[in-house]
Structure formats: structure tokens, C-alpha cells
Ligand SMILES: Cc1ncc(COP(=O)(O)O)c(C=O)c1O
């Protein structure tokens, strides 16, 4: 009997090691990793430069405390502020913590303006994490059920629907911000239109609200730009990051700009582990490799090509609703629940995921090769066809 708390239905495999885009089990079987630990292993497995940087840093210093200056943390804050065009960064360890920081920041921003019960607009099908505040912001009842009372102060609207936000403008004087994923990951790879994000920017400017983008899954080069919202040419007031930032070493970040900066003062927020020398070194190295190896344009082009190949391979297959995505964030929506496909793929040595019940989700490492992409399409397409023909 396992002593693990029963929080995950796990697949019947354990990996012993990884190399590049492949994972290996104890029996020597290999698996092409088209999921990257859910958008985490940006540089794949065992990337020599990352391994060396982590090992060197571990030998020098793993942890001190935020009671002291942390040089690597300051460097990473400078780098993130530069690529995001933002002013300040708070470091934590995960996506939900980054969003908790954003929610706290928005509330404090609202109180400073005399709004006693600050509200944040959130979206249907959103996913922001599993702490009490972030599951309350999440637009999925399954994530919330059993944890009531939920945290109040969230107003939910349909995703990618500007009129719905305009309606809130007319009816709610307590809104302080909007929290949105530029591409909803857990919700099924739903892409916000550029005009929608630009419209949110305009409304937030007009109303004095904070535009807060959750880039935990779609950020860090995956869509061909550092951050997915940058495709629409807007700057956010608050942005949250985690997952791929440390390429597997836990790290989260909440960035603020303009009117959202300077809100937190010493004592308002904190994290024991946040921004350790080890985690920030992993993130600095991840960002350096993405840039120096041209992984962003590569993610964009490879994603286009994978979607094109999937469309050709699945053309005319009844039951395929849509093949969509941006860069290496890809969803194949079917007309029926298809979580069984995950285990079928596993048996053929391919790691994929299904989200929102009917969407096959691919989030490969940014170091995916052309040969990996062909192998992925050649393995997955017949599996989907066989599944739909049953
Ligand atoms: C968009 C988004 N935000 C937040 C989270 C929560 O991140 P974590 O699991 O690191 O708390 C996730 C995780 O899937 C996510 O996809």
C-alpha cells in the first residue's frame, strides 16, 4: 500500500532518467516527452548547460534567506524586468503562489484607492492554482467542490468576450483588476484574440484597473515570444510566471509595472524559499539558453509545422473538432472524452496529456527536434484515428 496521499491518479510508469526529449523507465523503455512535465522542462532533460549551472551553484550556495541580499535573484529580476518590460519582481516557488501574490497585490492596490471590498474579474474555464484564493479564481467547479467556503471577491465572465467585461464596468464599482490567461491551458488550449487583450488593456486604463496576465503555462518562450500576451503588443500591469521558468527547478514570479509597482512594502508579503540562489540560477540559465539557442523562433515555427502535419494526418477524420494552438502549446479537440488516449500513447512510448476532458494537449520541451516532431505526429495520429473509429 502506498503512503502517498491520494491526490493523483498516476499512470503505471516511473522514469529512472532522461536525456534531451526522451525519458527512460527502469526496464530501459524510452518515451518521447511531448508534455515536458506540463510545460515545465523547457530545456528537456539533462541539458548539459543547465545541469552544470545547477551543480556549480549547489556547490557554492543553495539557500540563504530573503533576510539578505541574493545576488542571483537580483540578476534574474533585472533580466525578467527587461524581457517583460516591467518594473519589479517578487519570487516564489510555484504558479499558485505567483497568483496569490497577484491577488494580494490587486487587493492592496484597491484598498489604497478606498475600495473596501475589491473585486477581480476572472474567466470561465480559467485555471490559476489550488490554494484557496487561486481555486476560487479558477473557473472549474471540479477544482472548487468540497473546499467551500470559497474566497470571495471574484467576478466571473466568459473568456474572450469583451462585451461581458464592459457589462461589469456598468454594474460593479468595486473592480480593481482583471486576471486572464492569454492562452488557457487547463481549460483546453483556448486562445484569447489579440483584439480581446488589447480591449482589456483599454478598459483597464479607462477604469484604473490592473490588467493581470497569468503566463504560468503559456509564458517563457513557448509561443514564440517570451510571453504570450506580447503577441498583442500590450504591456500588463501584473504578470505571473512559474512552470517553465526554471526548466524543472521550482520557481515562481509575480511581476508588476507602472501603477502596480510599489504596492507591496516590507512585511506585506514573503516566501522562505522564494528566489533562492539555486532556483534563480536555474532560471537565469534557462532564459540564456532560450535566447542564445534561438528557441523562441524555433518554438513558433515548429508549432506551426506540427499543427500542419497533424491537420494533414487527421484530415477528414470524423470526431476531430479542431487542431489549435500557438507555438509549442497545442490542443487537438475531439468530439468526445478521450483521456484513455494518454495510456494508449504511453504504451507506444509517447507522453501526452488530455485536458478539459476532450482536448489532447501537447506541450513539448522547446528543444524538440524535427525528428521528434515527425515521430510525435506519426505515433499520435493513428492513435487518434483508431480511438475515434471505435
Ligand atoms: C495558467 C496556470 N496558472 C497557475 C497554475 C498553478 O501552478 P502550480 O501548479 O505551479 O501552482 C497552473 C498550473 O497548471 C496554470 O496552468
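The numbers here are math on the coordinates, done by the rules we state, and not lab data. On a predicted model such as this, the values are computed, not experimentally measured, just so you know. Don't worry about glycine lacking a Cβ; one is built from the backbone with ideal geometry, like all the others, and counts go over all protein chains shown.
The Cα center of region 83-141 and the Cα center of region 68-82 differ in position by 22 Å. Region 301-349 and region 1-53 have Cα centres lying 21 Å from one another.
Note on region 146-196 and region 202-274: Cα centroid distance 16 Å, given to the nearest whole angstrom. Quotient of the Cα radius of gyration of the chain and 2.2 N^0.38 Å, N being its number of residues: 0.98. Counted by neighbouring Cβ atoms within 10 Å, the residues 317, 7 run from fewest to most as 7, 317.
Tell me, what is the FRET efficiency for residue 117 and residue 389 to the nearest 0.05, using R0 = 41 angstrom and their Cβ-Cβ distance as r? Once rounded, the FRET efficiency stands at 0.15.
Bins of 5 Å, beginning at zero and ending with the bin holding the largest distance: percent of Cα pairs per bin for region 1-145, please. So the P(r) values, bin by bin, are 2, 7, 9, 12, 16, 17, 15, 12, 6, 3, 1, 0, 0.
Across all directions, the average flat footprint of the convex hull enclosing the Cα atoms of region 212-262 is 3.6 nm². Secondary structure note: in the chain, about 65% of the DSSP beta bridges are antiparallel.
Size of region 234-390 from its Cα atoms: along the principal axes, largest to smallest, the extents are 60, 32, 32 Å. Helical content alone sets the calculated 222 nm signal of the chain at -12000 deg cm²/dmol, taking -39,500 (n - 2.57) per DSSP H segment of four or more residues and averaging over every residue.
Students often get this wrong: which residues of region 227-254 have the backbone nitrogen under 20 Å from the point 7 angstrom along Cα-to-C-beta of residue 322? Of the residues in region 227-254, 228-232 have backbone N under 20 Å from the label point off residue 322. Fewest-first ordering of 209, 226 by other beta carbons within 10 Å of each residue's beta carbon gives 226, 209.
Modelled label-to-label distance, residue 71 and residue 170, 7 Å Cα→beta-carbon offset: nm? So the two model labels end up 5.9 nm from each other. Here the Gaussian network model covers the chain, with springs between Cα atoms less than 10 Å apart; of 113, 73, 230, 113 fluctuates the most.
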